[in-house]
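Remarks on the structure that follows.
Rule-based calculations on the coordinates, nothing more; no lab input. As the structure is a computational prediction, the values presented were derived from the model and not from experiment. When we count neighbours, we look across all protein chains shown, and the Cβ atoms used for this are built from the backbone with ideal geometry, even at glycine.
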Amino acid sequence: MPEPVPAFTRAATLAIKPADKLAAALPGSADSCTTAALIAAHAGQAGALLPLLHAIQDKLGFIAPGSVGDIAQALNLSRAEVHGVITYYPHFRTVAPARHTLEVCRAESCQALGGDALAAHVQQRLGCDFHGADASGAVGLEAVYCLGLCAQSPAVAIDGVAHARMTPARMDRLLDPLLAEAAKVDANAAVAQAQASSAAAPRNVSVDGRHLLQAPHRGQEAV
Ligand code: FES
């Protein structure tokens, strides 16, 4: 089996979990402090908008919509100008990416060697289009235009690691552990939530024929 080819590092910055979205958007969170520090470092500089947006996304994986006003103010721009730039370039994200990023090459060589069928298979497997993610938020799907592996098309990259001569079957073998990992995380979270609810809920118990309502931390009450 061909070894994965380390080729890209860009996606390594994209491993922010969807569950972190809310915390990242909250004022006072670590991510909002990071954004504020980057804005301060670029404040007042001419032509600093794109470098600042790249810096924020490289650090956090996305640009929180709540930071648009602060960016505009620091760079003496209108909110519409900042918003326009963020939405003009597909590179910029306004929501946290999935845990893993799958990039499928859509350039000519890969298209000529099965890239279309591979892309359709991946979309069907993940249940999403490009720029989307599977329902669990485990794998985000992105198009990329040449991974530098044209002689070994079709090619994909997962979290920045390129894989050449990809087939739907090989693709499934790479996706299976990522999706299984997400299912396990979801299952563990569900169990933890159920245990927390169970611990907090009063329980009906019977002692010497008397029915008691046992409330955690409050002893027992006859009912
Ligand atoms: S066209 Fe796909 S790697 Fe170059």
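Pop a pseudo-label 7 angstrom from the Cα along the beta-carbon direction at both residue 33 and residue 131 and give the gap in nm to one decimal.
Label at residue 33, label at residue 131, 3.4 nm between them.
If you add up the charges near residue 130, with Lys and Arg at +1 and Asp and Glu at -1, over every other residue whose beta carbon is less than 12 angstrom from its beta carbon, what do you get?
Once positives and negatives cancel, what remains is -2.
How do 128, 33 rank when sorted from fewest to most other Cβ atoms within 10 Å of their own Cβ?
Result, fewest neighbours first: 33, 128.
Within 10 Å of each candidate Cβ there may be at most 14 other Cβ atoms; applying that plus a DSSP loop requirement, which chymotrypsin sites (Phe, Trp or Tyr not before Pro) in region 53-153 survive?
145
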